[in-house]
Amino acid sequence: GERVESGIEHLKDIQWQQRETESRYRDLLDHQQEIVLRRDVAGTLTYINRAGCNTFLVESKDILGKAFRPHVLEGGEPDPLRLDGTGSQRDYVQLIKTAHGPRWLSWKDQVVRGSQGACNEIQTVGRDVTEQVHMQLELSEARDQAEAASQAKSRFLAAMSHEIRTPMNGIIGMAQLLNETRLSAEQHTFAQAIDSSANTLLSLIDEILDFSKIESGKLILQSKRFCIFKCVQDVVELLAPPAHEKGLELAWAIDPSLPTWVNGDKARLRQIIMNLVGNAVKFTDQGGVLITVGRGRMERDEGEEKNRLAVKITVTDTGIGMSEESMGRLFAEFEQADISHSRRQGGTGLGLAISRRLAKAMHGDISVTSAEGDGAVFTIDVVLDCDQASEQAIVLRPKYSHILLAISQPMQRRAMQLMLEGVGIAVEETRLSQAGQLLHHAAQEGLPFDAIITDGCDDHAAACRLLKLARRLNCERDVRAIVLLDPKNRSCMARFRNSGFDAFLIRPVRPQSLLAQLGIGIDGAEAPPRGIPIKAVQRPNSNIASRWREARILLVEDNTINALLAKRMLQHIGCTICLAKDGVEAVEQMRAVLNGTVERFDLILMDMRLPRLDGLTATRKIKAMFADANAHRGAYADTGQFRKTIPNANEPVSCNKILPPIAALTANAFAEDRDNCLNAGMDDYLAKPFVRAALEALLQKWCGAEGDADGVEASGQNERLHKIGNV
């Protein structure tokens, strides 16, 4: 009996402990902020905590033992919960109708198993996430609004770029045509002022567009193979005329050990160099500007350096210089180093900010050192890709071992010294007036000069006396003599030839030309020698005319002024022009060509924005029309890239069946506009505003004989408007 009573007492203790534990568990659940529900496998509610009762404003005694389902406003029903041991929990979010209004609840269902492993109940925990959902919705809406604003901004910029470039094309083009007519000196000055002001305005527009692209993160750098020599040379030769007009030196030197060919964004690197050298010329009134290109320091692991090349470009000027305070804000947007000078010189204050952003995108930077009144040194560091196989070498041994540079201009003298010392030649440099002393000293030391490079602009007689002295002192061998001339002094070469000089070099001196005149070649160098043996100079035959000057052109342009401008330019070149005012007229003209009622055209210049039918659609229609016309003989003739492919033709395709090349002539100057033109089937792209030289290059490329087009690019870049088409 005692054992039975003891067992009953023990059982009561266990039941009491179980009730106590369950009471504590339920009390714990009642104090939770989350809603806790339990249902049996039939869906009957077996438990609801206090948070659940408060949320739905119910009493537990009224709903326990019943099927309880909250009213779902949004979110739908979740996937069924499996009770066989797999997929035993699920998470979902619903908008629920509660006593306090609609609330977003994050539900989590989980199977609660008994001691035998079978499903006893399903527990559901609900957490109020209304604030988080509202925040996400607000963020999503803000993101959508920002994207919409960005798209609207891009459309606005594209529209403004087009609308501004269209009249600018008329202003710049008409100013150029005006300069080609008979004008008085005063009228010529006014026409030049119009041209200069229009180009300045266009440069400001390009800077603002560039800055907008960078700010929106839409600027994508290209990676194409290009010649780094040619990239720097183009900038130097483009800025040489304005530098010489101010009486400034402009010289450059490049490390001969640099690879000739690299991979990167040539246009953007050119833009950086153009901006810094242009600023140096702008803010320098006396002296000159020196550009040097060499190897930089790679701050990366050795394994990552194999196909990477660190390039360091310095731009040194003798200009106004800057204070520490000015240098501190130099690269900020819409800032300029000195307000007084910026007002005199103009500008948006964006050029250096854009250049630095571009340099950083190329894994580099731009830095500056300067002092007021003591010039400035800007350093550009960029990292480019290069193929180790492209590493160049000096392929000929120097024929001369001791060279005298008798040049009055220190910048040019320094640039040539760097180049010659870079290939292992001993160099002495001085002014022309002091060169005689160096000749005598070298002869006394037993190391006479075997080549001299002297300045031909200052004193012809002094240069000739120096050459005679050098040849007299070097009795063992002849002394090679090269004279340095400005472009405007080419007429002096006959005098120097008669005085015994062997060749001349034109400022700014190309490094390849300098080395070539001394018998040193650089493997893979793109630019031909610019220094010319004096005896080989011949006057070109002016009677030779290129076929492209007599081309027959279909001009598709709706703007009256731009149509008149292009027509006059083409007529001055010698072309025959037929004008179409919209895409529909262009298609009809080409249909007439196919029918033989209109003579064939050599080139179509197509605007993009046209009434009735835009240029891209008109291009597609014309190409499809010619494809259909040639389909019956299994042939399709297309002059794109000078190709005329006519496979399986039983008879030759008539001239009228050959599709002429189509070039976009448009004020849409964004990179995507160029891509759209080419994707639509156009063969080339020339952005407005353009000048006659760019138009002639386009004609020579597509309408000349195949040999005429070698080395000619009509890609929309204009040497006077250096950023057109590169925005």
Problem set entry | GluC sites (Glu not before Pro) restricted to DSSP loop in the stretch 566-637 with at most 14 other C-beta within 10 Å | Glu599
Exercise. Between Asn120 and Leu221, what length in nm is gained on full extension when 0.36 nm per residue of separation is reduced by their alpha carbon distance?
Worked result: 30.1 nm
For this session: Please work out the FRET efficiency for the pair Ala627 and Glu147, using the Cβ-Cβ distance as r and a Förster radius of 41 Å; give the result to the nearest 0.05.
Result: 0.60
For this session: Provide the packing ranking of 676-682, 436-442, 412-418, i.e. peptides ordered by the mean count of other C-beta atoms within 10 Å per residue, highest first.
Result: 412-418, 676-682, 436-442
Seminar exercise, completed: Computed from the beta carbon distance with a Förster radius of 30 Å, FRET efficiency for Thr181 and Thr314 to the nearest 0.05 stands at 0.10
Problem set entry | Inter-label distance, nm, simple model (7 Å from Cα along the C-beta direction), Arg549/Leu73 | 8.1 nm
Problem set entry | Separation of the Glu599 and Ile63 label points, Cα + 7 Å toward Cβ, nm | 9.2 nm
Exercise. Sorted by mean Cβ packing within 10 Å, highest first, what order do the peptides 271-279, 140-148, 459-467, 94-102 take?
Worked result: 271-279, 459-467, 94-102, 140-148
For this session: Determine, from the Cβ-Cβ distance of Ser323 and Arg477 and an R0 of 51 Å, the FRET efficiency 1/(1 + (r/R0)^6), rounded to the nearest 0.05.
Result: 0.40
Problem set entry | Sorted peptide list for 162-168, 507-513, criterion being average Cβ within 10 angstrom, highest first | 507-513, 162-168
Problem set entry | Added length on full extension, which subtracts the Cα-Cα distance from 0.36 nm per residue, Ala426 to Leu201 | 76.2 nm
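Laboratory data are not the source of any read-out in this text; all were calculated from the coordinates shown. Everything numeric here is computed off the predicted structure, so don't read it as measured data. Cβ sites come from the backbone with ideal geometry, for glycine too, and all protein chains shown count toward neighbours.
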